[in-house]
1. Do you know which residues across segment 142-161 are under 20 Å from S210 (Cβ atoms) and not in a loop (DSSP other than H, G, I, E, B)?
2. Can you run down the residue pairs with Cβ atoms below 6 Å, 6 or more apart or on separate chains, where the first is in segment 109-129 and over 13 Å from I240 (Cβ atoms) and the partner is outside any helix (DSSP H, G or I) and among the basic types (K, R)?
3. What number goes with the only condition from (1) under 27 Å from V110 (Cα atoms); (2) hydroxyl-bearing (S, T, Y); (3) modelled with pLDDT of 85 or more that S230 does not pass?
4. Return the residue satisfying two criteria in turn: it lies in segment 135-161 and is modelled with pLDDT under 85 and within 22 Å of the chain's Cα centre (by Cα), and of such residues it is surrounded by the fewest Cβ atoms within 10 Å (Cβ to Cβ).
5. Among all residue pairs at least 6 apart or on different chains, which show Cβ distances below 6 Å where the first residue, located in segment 208-221, is over 14 Å from C170 (Cα atoms) and the second is open to solvent by less than 70 Å² (accessible area, probe 1.4 Å) and modelled with pLDDT under 85?
6. Among (1) outside any helix (DSSP H, G or I); (2) surrounded by fewer than 15 Cβ atoms within 10 Å (Cβ to Cβ); (3) β-branched (V, I, T), which single condition is V115 missing?
7. Does G73 satisfy the criteria of being surrounded by 17 or more Cβ atoms within 10 Å (Cβ to Cβ), of a type outside the set (A, V, I, L, M, F, W, C), over 19 Å from A21 (Cβ atoms) and modelled with pLDDT of 75 or more?
8. Looking at the structure I just gave you, is V105 touching a helix residue (DSSP H, G or I) at 6+ places or on another chain (Cβ under 8 Å) and either at pLDDT 80 or above or open to solvent by 40 Å² or more (accessible area, probe 1.4 Å) (or both)?
Amino acid sequence: CYSKKNDEAVVSTQSTGILKAILIITNVVVLAAGIALLVIGGIFLNKDFDFYPDLEQYSTSVNAVLIPMMVLGGILLLVGLIGCIGACSGKAGLLNCYFIVVLVVVLLEVALIIVCVVKKDDVKEVVLDAADDLFSRYKLSYFDNDGSSPNVTATEALAVNVMMGIVGCCGLTNGSVYWGSDGSVPPGCCSDWSGESINSSDFSDYKVTSCSAGGYGTEYTNGCTEEVESIMSEFGVVIIVVVVAVIVFELICMCAACYSKKNDMVA
């Protein structure tokens, strides 16, 4: 009987150690991510572009992203700190707080998945309408007219080009045909365009006669709508699996927090 109890105690101790290790490692990663976001956000918020001089011309555009990024970094830093200290010390209060925060995150993720599934068509329609409005105004400004009185801001025009560059597409639909029959395209349609050539005060930078003529490589052939749908159909299952795996891992962290608290209270 004594041997049996002793073996059970050893197994319980090992299980607790493994769960604490999972909590500590996970929250160290979360802590590091939070610090990284805060540091990067702080560097760019202070306009310190020594390491990334090419981004200085876009400093006004990226400012809108910095505050949310730093807020997210602060939240991750706080959660990671609470999780690490709670796992190391076994303090019930900290583990309870950590459990509640992770539970809220899991509920929000589940709610987001449900909304995306139920409202998928509505979300798609809203996104397409917004993209159509933005691309149409860009086309009207720089292709249907000479660009001297644009209907888009410099930030919006840059966003159109960056979007096409990231996705690897040209125009909203039908590739370069979307922009007209003369072969002119925005620089974002070109494979070698990096954004360095755009000057917000010079509207001619938002239109090139051809990618090869401008030295920007080859031209993307698919429209953005077709390309995004292709990417989603190809990686949609992968995205769902990753999200589910993240939720399962978060549930494991919650169980680990509860189990660690229970064993420390018993001890």
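The values are calculated or read from the model by the stated rules, or taken from the named source; none is laboratory data. Keep in mind that what you see is a predicted model, and the values were worked out from it rather than measured. Don't worry about glycine lacking a Cβ; one is built from the backbone with ideal geometry, like all the others, and counts go over all protein chains shown. The area values use the complete protein model at the heavy-atom level, side chains included, leaving out ligands, DNA and RNA. Shrake-Rupley method; radii C 1.70, N 1.55, O 1.52, S 1.80 Å.
1. Y142, A157, V160, N161 - these are the residues of segment 142-161 that are under 20 Å from S210 (Cβ atoms) and not in a loop (DSSP other than H, G, I, E, B).
2. none
3. (3)
4. Selected residue: T155.
5. Pairs that qualify, where the first residue is over 14 Å from C170 (Cα atoms) and the partner is open to solvent by less than 70 Å² (accessible area, probe 1.4 Å) and modelled with pLDDT under 85, are G214/V208.
6. (1)
7. Working: surrounded by 17 or more Cβ atoms within 10 Å (Cβ to Cβ): yes; of a type outside the set (A, V, I, L, M, F, W, C): yes; over 19 Å from A21 (Cβ atoms): yes; modelled with pLDDT of 75 or more: yes.
It is true that G73 is surrounded by 17 or more Cβ atoms within 10 Å (Cβ to Cβ), of a type outside the set (A, V, I, L, M, F, W, C), over 19 Å from A21 (Cβ atoms) and modelled with pLDDT of 75 or more.
8. Details: touching a helix residue (DSSP H, G or I) at 6+ places or on another chain (Cβ under 8 Å): yes; either at pLDDT 80 or above or open to solvent by 40 Å² or more (accessible area, probe 1.4 Å) (or both): yes.
Judged against the criteria, V105 is a match.
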